[in-house]
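Okay, structure first, notes after.
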Amino acid sequence: MFSFKERLLSVCPDLPKELIPKGYYRLGNVIILRSRKKWDMFTDKIGNCILSLFPWARAVIIQIDTEGVYRRPVSKLIAGNLEIPLIHKELGTYFVLDPLKITFSPGNHYERELLLHEIKNGVVVDMFACVGNLSMPLSVINNVKVYGVEISPYTFDFLVSTVKKNQVRTRYVPILGDNRKVTPVNVADYVLMGYFGWDLSQLRSALRALRSGKGVVYSHYLVPRGSDVASIFINAVNSLSAEVIDLEVRKVKSFSPRKVHYVIIANIQHVS
Ligand SMILES: C[S@@+](CC[C@H](N)C(=O)[O-])C[C@H]1O[C@@H](n2cnc3c(N)ncnc32)[C@H](O)[C@@H]1O
């Protein structure tokens with residue numbers, strides 16, 4: 001089996017070897033390359049060679065980072081024509097997005113799939129919805145009622161388009177705004193907090209979202225390998241007059257040699 005690099009070099013032997021990433025990921029008919037190198041080194045020569053190798057691909061994007069509260073990719077198109085909106089299909093669900101401006105992590109695929117096995121009914125509040133990256137399959141495949149909160153007006157428009165494309169208008173409710181202010185109260189059996197930078201005021205909104213003060217909260221962390229995320233989370237919950245009845249820490253992916261993406265799945269109840 002030839003690697004991505006070997007396959008590229010077999011058709012374009014004069015490409016600079018040190019610039020070719022180990023692999024790529026696919027969103028719809030677009031190839032995304034990830035690299036920590038400066039993007040001005042990535043020329044249309046690399047992009048066009050990739051397009052010649054993958055006839056289904058229409059465009060190649062290089063992404064070097066993700067930034068800000070909106071988690072905007074830092075990326076640019078290096079070859080082909082990008083049609084926006086891009087339609088990506090995964091787990092039987094459509095996602096309508098702009099891959100240059102909206103994040104959709106391939107490394108979270110297995111987490112999205114696990115959620116489908118874990119949340120089969122009840123009501124979900126997705127506090128960091130994006131285009132329904134975590135919660136849309138629950139609505140489409142498991143018929144679950146979801147409230148998806150998204151702060152970026154640009155991303156929100158794509159969330160609304162994703163809801164329409166999947167024909168789940170009756171069970172997926174997109175809400176535009178800051179989840180500290182607009183998260184629905186007393187409705188949820190499950191709350192998803194799929195954002196590493198959440199703070200205590202957002203955890204407070206998550207706890208208020210739980211129906212009768214009880215339910216399961218999924219909170220995501222990006223921390224140094226081996227960190228005691230369970231204690232950090234339990235202390236945060238306790239500081240808001242609630243308690244963790246039980247909890248599981250699950251690794252989502254290795255993010256870098258030192259950092260790991262975990263999700264904490266916690267059964268919580270308010271202390272009366
Ligand atoms: C990293 S993306 C995560 C998407 C998805 N939850 C996942 O795990 O793949 C975070 C999303 O949350 C949104 N967001 C950030 N702060 C927010 C806030 N205060 N209220 C609502 N949405 C917020 C961002 O605009 C972005 O679309």
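Could you say which residue among Pro153, Pro257 is over 19 Å from Tyr110 (Cα atoms) and more than 20 Å from the chain's Cα centre (by Cα)?
Step by step, each of Pro153, Pro257 is checked, and only Pro257 is over 19 Å from Tyr110 (Cα atoms) and more than 20 Å from the chain's Cα centre (by Cα).
Residue-by-condition table, conditions (1) within 16 Å of Arg71 (Cα to Cα); (2) surrounded by fewer than 23 Cβ atoms within 10 Å (Cβ to Cβ); (3) within 10 Å of the ligand (Cβ to nearest atom):
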{"site": "Val124", "(1), (2), (3)": "no, no, no"}
{"site": "Ile141", "(1), (2), (3)": "no, yes, no"}
{"site": "Val160", "(1), (2), (3)": "no, yes, no"}
{"site": "Gly197", "(1), (2), (3)": "yes, yes, yes"}
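If you check Ser219, Ser239, Ser231, which single one turns out to be small (Gly, Ala, Ser), within 16 Å of the ligand (Cβ to nearest atom) and either surrounded by fewer than 16 Cβ atoms within 10 Å (Cβ to Cβ) or outside the structural domain of Arg36 (by TED's automatic domain parsing) (or both)?
Sole residue among the options that is small (Gly, Ala, Ser), within 16 Å of the ligand (Cβ to nearest atom) and either surrounded by fewer than 16 Cβ atoms within 10 Å (Cβ to Cβ) or outside the structural domain of Arg36 (by TED's automatic domain parsing) (or both): Ser219.
So, Glu90, is that one among the acidic types (Asp, Glu) and either touching a residue at least 12 places away in the same chain (Cβ under 8 Å) or closer than 26 Å to Phe2 by Cα (or both) or not? Lay out the reasoning, then the answer.
Values: among the acidic types (Asp, Glu): yes; either touching a residue at least 12 places away in the same chain (Cβ under 8 Å) or closer than 26 Å to Phe2 by Cα (or both): yes.
Criteria met by Glu90.
I'm trying to understand the selection: among the residues of segment 75-114, which are open to solvent by 30 Å² or more (accessible area, probe 1.4 Å) and assigned to a strand (DSSP E or B)?
Residues satisfying the conditions are Lys76, Leu77, Gly80, Ile87, Lys89, Tyr94.
Against the definition (in contact with a Phe, Trp or Tyr (Cβ under 8 Å, 6 or more places away or on another chain) and either modelled with pLDDT of 95 or more or not small (Gly, Ala, Ser) (or both)), how does Val182 come out, yes or no?
Criteria not met by Val182.
Might you let me know whether segment 65-72 holds any residue that is over 30 Å from Val191 (Cβ atoms), modelled with pLDDT under 95 and outside the structural domain of Ser139 (by TED's automatic domain parsing)?
Within segment 65-72, none of the residues are over 30 Å from Val191 (Cβ atoms), modelled with pLDDT under 95 and outside the structural domain of Ser139 (by TED's automatic domain parsing).
The values are calculated or read from the model by the stated rules, or taken from the named source; none is laboratory data. The model shown is predicted, which means the values in this text are computed figures rather than measured ones. Neighbour counts run over all protein chains shown; Cβ positions are idealised from the backbone, glycine included. Surface accessibility is based on the protein's heavy atoms, side chains included, excluding ligands, DNA and RNA. Shrake-Rupley method; radii C 1.70, N 1.55, O 1.52, S 1.80 Å.
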